[in-house]
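Novice: Below you'll find the structure I mean.
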Amino acid sequence: MSELAPIRDELVGKTPYGAPQLDVPVKLNTNESPYGPTPELVQEIVTAVTAAALDLNRYPDRDALELRQDLAQYLTEQTGVPIVRTQVWAANGSNEVIQHLMQAYAGPGRTVLGFEPTYSMHHTIAESTGSQYLSVQRNPDFTLDRHQAVEAVRQHDPAVVFICTPNNPTGLSTDLETVLAVHDASTGLVVLDEAYVEFSSSPSFLRLLEGRPRLVVSRTMSKAFGFAGARLGYLAADPRVIDSLQLVRLPYHLSSVTQAVARAALKHRRTLLQHVEATKQERDRLISELQAMGTEVVPSDSNFVLFKAPQAEKAWQQLLDSGVLIRDVGVRGYLRVTTGTPTENDLFLKAVRDLM
Ligand code: PMP
């Protein structure tokens, strides 16, 4: 009998990223938007895909020039910070954007540092690209200790530091002084993962890019845009960083269909983003109703809420049994719920009440 080829040593025993994808009535586990595209946007997408289909014998625009231009325009409009196409990079979800960053700036012999608990894929992608990942613990209230963060950066001199702000899975943003202190203490790339920034009451850190070529701001259309299925992530940075990412991306990594669909959605950005305000209000309602039930909640600047659940695993299963899927993010004694529609949130709150 022939043997299986040996997998890389560092992958032995690992489990793949695996938020459960279950067919349940209320899915509040992956921080998606609960709102699908409008019929007008669906029509626009159909038209855009039809046009792209006529050219599918050709490779897509390798540099995604028009899409990057549209993303630059969106960033400028949303933040008031002038951003141009040469500062923008796009890929299949911000996970791929992060992978490109790791391939270009981390890898074997290099260290990546993150503040835990945080988005688990930072760790996973760092390791799968051969980098060493170092965890620095956040404070018990999940804020970042500026002094400790700076010390860790000085001590380890990482090639890449991640700051997820607002932080998934805990919810809060990092303050300006801490971001600047970490940046100034480092010699490598500082990646601000702003996947949830549209839900935040703090402004984007895009304004810090000017004069800081080691800073990168990563974004996604998966959350506030309600476009997770289309797989479009992007970042803004110094044009020389973008040039370096061209060295590691696969040729034609963004299909012409993806580019066309993302451009159609960006055209409809006002309609898509109009759910952001409603989501923030519903998030605040989730927080106050959980608190009214006596549940301790971590303050949130994003579209999800981390709350205390002493018997988290059991509570997660009981909620699932009542048709509500939320997330056990591996933070002991806590569960995370994504803000859904008002009806979904009511069902979640009722299920929690029934547990008590
Ligand atoms: N960053 C953070 C902080 C996230 O929570 C997520 C998705 N959960 C991502 C990046 C990746 O999103 P996507 O690949 O869909 O853009």
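The values are calculated or read from the model by the stated rules, or taken from the named source; none is laboratory data. Keep in mind it's a predicted model, so treat the numbers as computed, not measured. FYI the Cβ positions are ideal-geometry reconstructions off the backbone, even for glycines, and counts take in every protein chain you see. Areas reflect the complete protein model, heavy atoms only, side chains present, ligands, DNA and RNA absent. Shrake-Rupley method; radii C 1.70, N 1.55, O 1.52, S 1.80 Å.
Novice: Of all residues in the range 73-112, how many are within 16 Å of the ligand (Cβ to nearest atom), open to solvent by 20 Å² or more (accessible area, probe 1.4 Å) and without any contact (Cβ under 8 Å) to a residue 60 or more places away in the chain?
Specialist: 1
Novice: Given the structure, is Leu192 away from the ligand (no atom under 15 Å from the Cβ), under 20 Å from the mean Cα position of the chain (by Cα) and open to solvent by less than 20 Å² (accessible area, probe 1.4 Å)?
Specialist: So Leu192 does not fit the description; no.
Novice: Let me ask something else about it. How many residues are more than 21 Å from the chain's Cα centre (by Cα) and assigned to a loop (DSSP other than H, G, I, E, B) when one looks only at the range 279-299?
Specialist: 4
Novice: Can you pull out the residues in the range 48-70 that are within 25 Å of the chain's Cα centre (by Cα) and open to solvent by 80 Å² or more (accessible area, probe 1.4 Å)?
Specialist: Result: Arg62, Glu66, Gln69.
Novice: Quick check: is even one residue across the range 264-278 part of a loop (DSSP other than H, G, I, E, B), in contact with a helix residue (DSSP H, G or I) (Cβ under 9 Å, 6 or more places away or on another chain), among the polar types (S, T, N, Q) and farther than 24 Å from Asp175 by Cα?
Specialist: no
This table checks each residue for (1) outside any loop (DSSP other than H, G, I, E, B); (2) in contact (Cβ under 8 Å) with a residue 24 or more places away in the chain; (3) more than 14 Å from the ligand (Cβ to nearest atom).
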{"position": "His147", "(1), (2), (3)": "yes, no, yes"}
{"position": "Pro158", "(1), (2), (3)": "no, yes, yes"}
{"position": "Phe162", "(1), (2), (3)": "yes, yes, no"}
{"position": "Thr170", "(1), (2), (3)": "no, yes, no"}
{"position": "Ser173", "(1), (2), (3)": "no, yes, no"}
{"position": "Val179", "(1), (2), (3)": "yes, yes, yes"}
{"position": "His183", "(1), (2), (3)": "yes, yes, yes"}
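Novice: Also, quick follow-up: So, in the range 1-47, of the ones that are open to solvent by 50 Å² or more (accessible area, probe 1.4 Å) and among the polar types (S, T, N, Q), which residue ends up nearest to Lys223 (Cα to Cα)?
Specialist: My answer is Gln21.
Novice: Residues of the range 131-145 being in contact (Cβ under 8 Å) with a residue 60 or more places away in the chain and more than 18 Å from the chain's Cα centre (by Cα), which ones?
Specialist: Asp141
Novice: For the range 305-330, which positions are open to solvent by 20 Å² or more (accessible area, probe 1.4 Å) and touching a residue at least 60 places away in the same chain (Cβ under 8 Å)?
Specialist: Here is the first cut: in the range 305-330, the ones open to solvent by 20 Å² or more (accessible area, probe 1.4 Å) are 308, 310-311, 313-314, 316-318, 320-322, 327-330.
Correct list: Leu320, Arg327, Val329, Gly330.
Novice: Among residues belonging to the range 224-281 that are at pLDDT below 95 and among the polar types (S, T, N, Q), point out the one that is surrounded by the most Cβ atoms within 10 Å (Cβ to Cβ).
Specialist: Thr271
Novice: Of all the residues that make up the range 113-132, how many are surrounded by fewer than 20 Cβ atoms within 10 Å (Cβ to Cβ) and part of a strand (DSSP E or B)?
Specialist: Qualifying residue count for the region: 2.
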